Structures are given as structure tokens and as C-alpha cells.
1. Quick one: in segment 1-45, which of the residues that are part of a loop (DSSP other than H, G, I, E, B) and among the charged types (D, E, K, R) is modelled with the highest pLDDT?
2. Considering each residue of segment 145-194, count those that are touching a residue at least 40 places away in the same chain (Cβ under 8 Å), open to solvent by less than 90 Å² (accessible area, probe 1.4 Å) and of a type outside the set (S, T, N, Q), and give that number.
3. At least 1 residues that are at pLDDT below 90 in each: list the strands (runs of 3 or more DSSP E) lying fully within segment 80-174 that qualify.
4. Name the single residue that is most open to solvent (accessible area, probe 1.4 Å) among those in segment 46-60 being at pLDDT 85 or above and not in a loop (DSSP other than H, G, I, E, B).
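The values are calculated or read from the model by the stated rules, or taken from the named source; none is laboratory data. This one's a predicted model, so the numbers in the text were calculated from it and none came from an experiment. Every residue, glycine as well, gets a Cβ built from its backbone with ideal geometry; the counts of neighbours run over all protein chains shown. Heads up: the accessible areas ignore ligands, DNA and RNA and are worked out on the full protein's heavy atoms, side chains in. Shrake-Rupley method; radii C 1.70, N 1.55, O 1.52, S 1.80 Å.
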Amino acid sequence: MRLERLNYDKIKIFLTTDDLKDRGLTREDLWKDSLKVQQLFRDMMDEASNELGFEAHGPIAVEVYSLHAQGMVVIVSHSEDTFDTDDEYSDEYIEMQVKLDETFDIIYEFETFEDIISLSRHLYRNDIRDGVIILYNEKYYLLLNDEQPFNIDDLVSIIAEYGSPSTLTVHKLKEYGKIIMQDKAIEEVHRLFK
């Protein structure tokens with residue numbers, strides 16, 4: 001589980017499929033209201049409190065994004081809505097918004113281009129040559145499709161060592177970002193910077 005503060009009242013939690021398996025959950029389980037899911041949420045909030053100082057008091061909104069082959073991204077924020085205390089909801093009311101990413105692309109965000117250069121060495125050794133690199137809001141994004149000559153879960157584990165999963169869509173990145181390298185991006189980065 002990786003946590004990141006987005007701003008004062010919002011955090012992002014990334015759960016890999018291995019994180020879910022370790023807790024005896026599948027991605028499908030997250031859509032159910034079970035004791036395991038409630039325990040997972042409590043664990044996430046405890047870790048967010050310890051690592052980031054994020055306290056989940058009062059109403060909070062939770063957005064869950066299912067990313068193909070990458071795991072789940074959970075965005076937790078203090079809700080702007082105020083609830084009447086006489087309402088049927090208590091201060092612990094949680095508003096769940098579930099959003100499914102229907103793309104089969106793997107999209108990772110990198111702070112520096114050097115991170116992509118380091119990653120390209122590992123990917124190239126594993127016969128991964130394609131990909132698109134896009135610059136958007138001063139960050140670099142690597143887009144790969146899920147048809148790779150390498151186990152997708154292992155691929156995601158390698159990429160996660162260098163970057164963070166992104167909830168941005170391919171369409172937004174291609175429309176508003178600047179394409180740095182198209183098609184065989186990993187091969188090109190490896191060729192230029194080996």
C-alpha cells in the first residue's frame with residue numbers, strides 16, 4: 001500500500017493486487033460491504049493518520065478507481081457537504097463513489113525523465129519495446145497496453161518501483177499533454193540513453 005497526500009484534505013492510496021491478496025480480498029470484494037472491506041478501510045485510514053497526519057473525522061468522500069492489472073487507487077477527501085446531526089447519518093458517514101477505469105492501458109506517472117530511463121533498462125531486458133511517453137503538467141507518463149510478452153502483474157511490480165499509477169485517461173493525456181515519444185518509446189529511450 002502506497003499513500004500520497006494530494007492536498008490538505010485529500011489523499012491517494014494505491015493498493016496493488018498483491019496488497020489485496022495479502023488481506024484475502026479480490027478487486028470484486030471491494031464493491032461489497034463486508035467485514036474484510038471495512039477492516040481494509042480502517043487499516044488504510046490508520047496508516048494515513050500515522051504516515052501523513054490525515055485524520056478521517058466527520059464526513060469523508062471515497063472514490064475507488066479500478067486500474068486494469070495495476071490494482072486500485074482510492075482517493076479519500078474530507079467531504080464539502082455538511083450533514084444535519086438529526087439526519088439518519090452520523091459524523092462517520094462515508095460517501096462512496098466507485099469509478100471503473102475501463103481502459104486496458106497501463107499508465108504510470110514519473111517525476112523525472114531519469115526514472116523512465118532507469119525503468120527502460122529493465123523493460124528492454126524483458127522484451128518490452130513499445131509504449132508512449134507524454135509530458136503533462138511537468139510530469140512524465142508512460143502508456144503501455146496490456147498485451148505484453150511479460151506477465152502483467154510482474155510488469156506492474158517493476159514499473160511501480162520507478163513511478164506511480166495514474167488515474168488520468170489516455171484520452172486526456174494525448175489531448176492535453178505533449179507526446180515526447182510515440183510507439184516504440186522504451187526501445188527508443190534504451191537506444192538513446194543506454
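1. Going residue by residue through segment 1-45, those that are part of a loop (DSSP other than H, G, I, E, B) are 1, 8-9, 16, 23-27, 32-34.
Now restrict to residues that are among the charged types (D, E, K, R): 9, 23, 27, 32-33.
Working: ASP9: 86, ARG23: 82, ARG27: 71, LYS32: 69, ASP33: 66.
Among residues in segment 1-45 that are part of a loop (DSSP other than H, G, I, E, B) and among the charged types (D, E, K, R), the one modelled with the highest pLDDT is ASP9.
2. 23
3. In segment 80-174, the matching strands (runs of 3 or more DSSP E) lie at 94-100, 105-110, 139-145.
4. So in segment 46-60, the residues at pLDDT 85 or above come out as 46-54.
Within this subset, residues satisfying the condition of being not in a loop (DSSP other than H, G, I, E, B) are 46-52.
Values: ASP46: 90, GLU47: 51, ALA48: 0, SER49: 33, ASN50: 130, GLU51: 113, LEU52: 48 Å².
My answer is ASN50.
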